[in-house]
1. Whether any residue in segment 13-30 is touching a residue at least 12 places away in the same chain (Cβ under 8 Å), in contact with an Asp or Glu (Cβ under 7 Å, 6 or more places away or on another chain) and either surrounded by fewer than 22 Cβ atoms within 10 Å (Cβ to Cβ) or not assigned by TED's automatic domain parsing to the domain that holds Arg163 (or both) is what I want to check.
2. For Leu127, indicate whether it is within 14 Å of the chain's Cα centre (by Cα) and crowded, with 23+ Cβ neighbours inside 10 Å.
3. For the subset of segment 420-458 comprising residues that are hydroxyl-bearing (Ser, Thr, Tyr) and farther than 27 Å from Asp338 by Cβ, which member is nearest to the chain's Cα centre (by Cα)?
4. Take the residues of segment 338-380 that are part of a loop (DSSP other than H, G, I, E, B) and among the basic types (Lys, Arg): which is nearest to Val477 (Cα to Cα)?
5. Please count how many residues of segment 405-421 are touching an Asp or Glu at 6+ places or on another chain (Cβ under 8 Å), part of a helix (DSSP H, G or I) and of a type outside the set (S, T, N, Q).
6. Among (1) out of contact with any helix residue (DSSP H, G or I) (no Cβ under 7 Å at 6 or more places or on another chain); (2) part of a helix (DSSP H, G or I), which single condition is Ile189 missing?
7. In segment 25-70, which residues are small (Gly, Ala, Ser) and either over 23 Å from Ile189 (Cβ atoms) or over 25 Å from the mean Cα position of the chain (by Cα) (or both)?
8. If you go through segment 172-231 one residue at a time, how many are surrounded by fewer than 22 Cβ atoms within 10 Å (Cβ to Cβ), among the acidic types (Asp, Glu) and either closer than 26 Å to Met492 by Cα or not assigned by TED's automatic domain parsing to the domain that holds Val17 (or both)?
Amino acid sequence: MIEDSPPIVRIEKITKVFPENNVRAADSVSLELYPGEVRSLVGENGAGKSTIMHILSGNLAPNSGSIRLNERRVRFSSPGDAILEGIVMVHQHPPLIPDFRVWESLFLGIEPTRFGFIDRRTCIATLERICEQYGLSFDPRARVADLAASQLHLAAIAGALLRKPRVLILDEPTAPCTDPEVETIFSVIRAAARKGVAVVLITHKIREVMRISDTITVMRNGRVVTTVHAAETDGSAVSAAIMGVERPAGPKASTKNETATGSREDTGQPSAIGAHPRLSVESLSLTVNRREVLRDISFTVGAGEVFGVTGIRENGLEFLEDVLAGLIAPTRGRMCIDGVPIARYSPREFRRHGISYVPTDRIFRGASLDSSVTENLILNRRHRLGFAGVFDRDTVRGFAGSLMNRFDIVGHAHGPLRTLSGGNIQKVILSRELAHPGPIVVFSEPSWGLDVRSRDMMYAEIHRLRADGHAIVLISVDIDEVLELADRVGVMYAATMIRTLTGSDRSRKKIGELMLGLADRTTGGILR
């Protein structure tokens, strides 16, 4: 942060009310952003973090208030206006075009030309140069639809850097990322700050906030409640401010909620698996575009057990998720439920077999943004909430209301789902799947986009399902999450499940070494 320099941006008493549900998402918010500063913006789901940054980046218009850029008052009518002024936002779900090549999507609107044609070679060379400069890893020539979630975020960050931002806003950039990818994003943030860019990081990961931030702004109920220097506080104090509770006594006290500031390693939970597993995956392999993306995957999950799967998503996690959800059939191998092989692979068939599924991409794969909150909540129960295609309004209202209360969903039940904050949309999808789960539940990145309180609620739900005898597959790149929840942990590397860890073998260090290919799959020792 450049001391004693004037702010790049002054946000002055910005208020935003959404007319669809009369929610005051931002209430007289004022912020100042300085050159070379890394500012973390934190708060519970629906606190107003993304709303205020959407206004700054031209995605939303405020009801009142103003924005000053280098002391000049500006008003943006579109994201393009903001980008021209050097304010660029990378969204939690980057809106890249699936059927485009990466370079086509990132250069859209700023394409260099040669003799009247788009200069493809220059576009690709420029992106490769940015990748080399910042240590980013993705193929500019790949189709956007073929990128894993973490690569999609890295590509979107590269696209933002193409615009030479003065203010760079990152909304949950590390959510789908492994530890090495998080370090890459951190190095990008530090490099941008050294060049005088004001970086705003929206995140729920308090441990990352404490590592990367110069200053931390806490929002609650649409208002700024405090701004502090990171060096003068700690994770427990920030978590307390987010939730509006008193912090633990003593200076820089540590919190018992390790999910906010550290990792809960081995809990010593015994495996609940018996002689007859509920779910069996046997020698499962998958080839996509002549490339083997899954190879001889085998594991079993018993009633009352959480089987965790972790690794770098590009090493097969996203394809394993697709097979377990019935979205794609394996090339070889099979899945069995209670010893009976599944014959057809489709989401409808898997639901019929009693497999509930919470996808990684809950916005696009698990939601209908233009449908109401209630319509999204009743999707799995719609045939039981009426007769002959006619809904019983009181029953529907009661069912939706009970889920909104149980999962603390903030929003109007009859408004479009898209009017809710990102975190509350996540909770709508999670609550729908957990209202009446099948005997087998597949979770992929269950805490992605959730604040500390909501994440703890989600963990409690998973523990409840386990205690009730459900067989649970937990797919997550978050090692701490897997250690917190799983009885056994399968580690993916190079398209295969390199090792399954139990008991005291389940450690952060060992999982990290295996997922990076640094440890021997048999002994666990470091490869020389």
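1. Going through segment 13-30, the residues touching a residue at least 12 places away in the same chain (Cβ under 8 Å) turn out to be 13-18, 20-30.
Filter again for in contact with an Asp or Glu (Cβ under 7 Å, 6 or more places away or on another chain), leaving 15, 30.
Adding the requirement that they be either surrounded by fewer than 22 Cβ atoms within 10 Å (Cβ to Cβ) or not assigned by TED's automatic domain parsing to the domain that holds Arg163 (or both) leaves 15, 30.
Yes, that holds for at least one residue.
2. Numbers: within 14 Å of the chain's Cα centre (by Cα): no; crowded, with 23+ Cβ neighbours inside 10 Å: yes.
Answer is no for this residue.
3. Of the residues in segment 420-458, the ones hydroxyl-bearing (Ser, Thr, Tyr) are 421, 431, 444, 447, 454.
Still in the running and farther than 27 Å from Asp338 by Cβ: 421, 431, 447, 454.
Working: Ser421: 14, Ser431: 17, Ser447: 7, Ser454: 13 Å.
The extreme case among them is Ser447.
4. Step one: filter segment 338-380 for residues part of a loop (DSSP other than H, G, I, E, B), giving 338-339, 342-346, 353-354, 359-371, 378.
Filter once more, keeping what is among the basic types (Lys, Arg): 344, 362, 365.
Values: Arg344: 28, Arg362: 16, Arg365: 19 Å.
Within segment 338-380, the match that is nearest to Val477 (Cα to Cα) is Arg362.
5. Of segment 405-421, the ones touching an Asp or Glu at 6+ places or on another chain (Cβ under 8 Å) are 412, 415-419.
From what is left, the residues that are part of a helix (DSSP H, G or I) are 417-419.
Those still in the list that are of a type outside the set (S, T, N, Q) too: 417-418.
Count: 2.
6. Just one mismatch for Ile189, condition (1).
7. Here is the first cut: in segment 25-70, the ones small (Gly, Ala, Ser) are 25-26, 28, 30, 36, 40, 43, 46-48, 50, 57-58, 61, 64-66.
Selection gives Ala25, Ala26, Ser28, Ser30, Gly36, Gly46, Ala61, Ser64, Gly65, Ser66.
8. 3
The values are calculated or read from the model by the stated rules, or taken from the named source; none is laboratory data. On a predicted model such as this, the values are computed, not experimentally measured, just so you know. Every residue, glycine as well, gets a Cβ built from its backbone with ideal geometry; the counts of neighbours run over all protein chains shown.
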